[in-house]
Amino acid sequence: MVASEIVSRLCDVDFSRKAKAADFLTQTWETFMEAGAGKNQDKVLDVLLAFFCALVARDLVSLTDLAERTTSPSSSVSQSSFVATLFSLLSSLTLSTDPLYLSSNFPTADAQLKKLGIMKSDRAMISTILLITQTLATLPANFLTPNHVPSLLKSFRNLITMLPGLPMANGDTKSTAPLKQQNSVTDTDDIPFAALQHLLNMLDSCLLSQWDSSSSASTSDNQMENELEQTGDEWLADGLLSIGLHSEAACRAGNSDYDIDADRDTDTAEKCIECTFRVLVSLTHANPRWSETLARNPAAVLFIIRTVVRSDSLRNSTLKGLEQMGVDKKEKKAKVEESSVKKIEPSPLFGEDDENGDEDKDEGGEDASPNSKLSKEQALDRLCLALGLLTNLVQAVDDAKRILREIMQVYTHQLSSPSLPNATTSKKQHNDSGIKIKQERSPSPTTTNVSLSRPLPSIAPNAAVDSDSSFLLGHLSVLFGLLMFESPENQELILDALPASSTSAGIKRDEDEDAKPSKSGLNSSSKSKSVSNGRSRMTSRRAKLDDLIDNAKTLARYLAAINQRSLRFGLDHGDGGGDEGGGSSGQDADRNQDQDQAEGSSDSRNGKGNERLDVQREMIKGAEVAQEIIAFLEELRDDCDAGVGNRKAMSIV
């Protein structure tokens, strides 16, 4: 009763503030521990402990202070008992053993609450798992150690096994095999997206080396990588795909249901998709085992392709909407100025404050599409993540080019299957989320409908939009180059499917005019037309390759600029920049060196130093890959020139 009263009183903001000032929170935690909370022995006490931690987590300073105070200084492992207790309790919970979840999903609860006038949209789905994951995800990452990875993965598995069957590429329903489902949720509305999002965020920060790995007794990086690879083969890869597909389905359903509850679920599901892609990008980076697991799964590949399609469509529709807003705003401003000239005093309806308010509202980053739940920035991030994951698969798996081509040839129609999100049955049709899917003639990876043509002009900030478009075009060009490298089949598919270049359109029209039959004879005109068509095709391909090369060079310059900026800001501590100070004495240099070493040591404890070096190495490696692809594309373009020359020689003969 005392614990329940304390938790209830902590809901009051004033009492919580006084408890923080009196060091009452640490004393309360110690009382919980003395009573045996967090050991999965007393369900009620465990629930109260989870509530207490979630209430403390409302204030990051209080939460951090509590985690620090519960760290044992005498232990060889600098690990907080607060974090360890929560992870231990979390790993022991499933939806079928969570008291809060079961109480909120009581069979007669909906009917009883409806009689009281409480609708489903007015209810909040609270579970012990959600309270604990939210608390742990709120903590700074340096309070977590690799020792917590097994508990994190176990919690993942406990939730994933409860997910209902997956809609697969062939339209059938597949369980999360080889996971054994136990008492799975029967309604997709009951999927714990919020708890899954918190777990994904923690796994993402772990993979980015943000967790504290300085402890001598902590799990080594190699052990953690081995464990992740083993679980990936067994269940984690299918589990992450399961989360992504269910989140995608929830977003599609939410976009067609305009109510508060659907909006809340859709927002959380969108975040789950983004977190899933972040985790998959980290897991597949330079990892052939993980990359091959995903590349050989048609459902995974189609999920990536659909995400590229949806993100690009949302981004383009948002930019067009913002452009239209800019046009309307200019027209409105012109009318206002005209009206103010005619009147002696300006009307307060069109006053400066009101106009600025409209501007702020228009430029608030909201989507132009009414059915879109993503802003243009979020759509761009999602698009980059999906393209990055696809690039990882192509780079890490030697046979990925063939695998992706065959999957797209067999399952291209599934991009418009009613059993999957973004479904459409006609050549051009709007789906539930308002995204237009255009079926392309070629089953190549370019059926993602991501255009390589120059971006349409858009409103301010033009510089930011042009920069984003240039980066995307460069990334796509390098990706297409990777897909075409040493693959004549992919070269045919991709180059035929790419949009015609503006420079090649005029050439093609002129050559088509030259290829018209003359009155001198059908045989000569037919032969001339065949030669001209072949020459036109080669010329068109050369123009497309020119565009790819230009875009890839822009990306290479962008990566090179980042590398130079990293060196300029001293991320590489061995650059010897101290000798260029001119007025610095030897003593000052030694002092600066000691300070750098101290900061480097601190960064190493938190994993920041390694993270910075890893980022710099990856930027350098990315620039090198871009240069290699540019050289390959230039060679491919030269082959087109040679083909055109041969055809010209044949026509002369």
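Values in this text are rule-based calculations from the coordinates and carry no lab data. Keep in mind that what you see is a predicted model, and the values were worked out from it rather than measured. Reconstructed Cβ throughout: ideal geometry from the backbone, glycine too, with neighbour counts over all protein chains shown.
Among the listed pairs LYS20/LYS154; LYS271/LYS553; LYS43/LYS154, a Cα-Cα separation exceeding 25 Å is found for LYS20/LYS154; LYS271/LYS553. Other residues with beta-carbon under 14 Å from the beta-carbon of PHE24 carry, at +1 per Lys or Arg and -1 per Asp or Glu, a net charge of -2.
Taking other Cβ atoms within 10 Å as a rough exposure proxy, PHE52, PHE471 sort from fewest to most as PHE471, PHE52.
Sorting ILE160, ILE191, ILE304 from the fewest to the most surrounding beta carbons within 10 angstrom yields ILE160, ILE304, ILE191.
Each of ASP267 and ASP12 was given a label point 7 Å from its Cα along the Cα-to-Cβ line. The distance between the two points is 3.0 nm. When the Cα gyration tensor is reduced to axis lengths a ≥ b ≥ c, the ratio a/c is 1.5 or higher for region 1-73, and with a/b not above b/c it is classed as oblate. Fewest-first ordering of MET408, MET619 by other beta carbons within 10 Å of each residue's beta carbon gives MET619, MET408. Each residue of region 7-24 was assigned a 3J(HN,Hα) from its phi angle through the Karplus expression (A = 6.51, B = -1.76, C = 1.60, θ = phi - 60°), giving 4, 5, 6, 5, 5, 7, 5, 5, 5, 4, 5, 5, 5, 5, 5, 8, 6, 6 Hz with x at Gly and Pro.
In order along region 281-297, the Karplus-derived 3J(HN,Hα) couplings, from 6.51 cos²θ - 1.76 cosθ + 1.60 at θ = phi - 60°, round to 4, 5, 6, 8, 5, 6, 10, x, 5, 5, 5, 5, 4, 6, 5, 8, 9 Hz, and Gly and Pro are given as x. Summary of packing: across the peptides 240-253, 146-159, the per-residue average of other C-beta atoms within 10 Å ranks them, highest first, as 240-253, 146-159.
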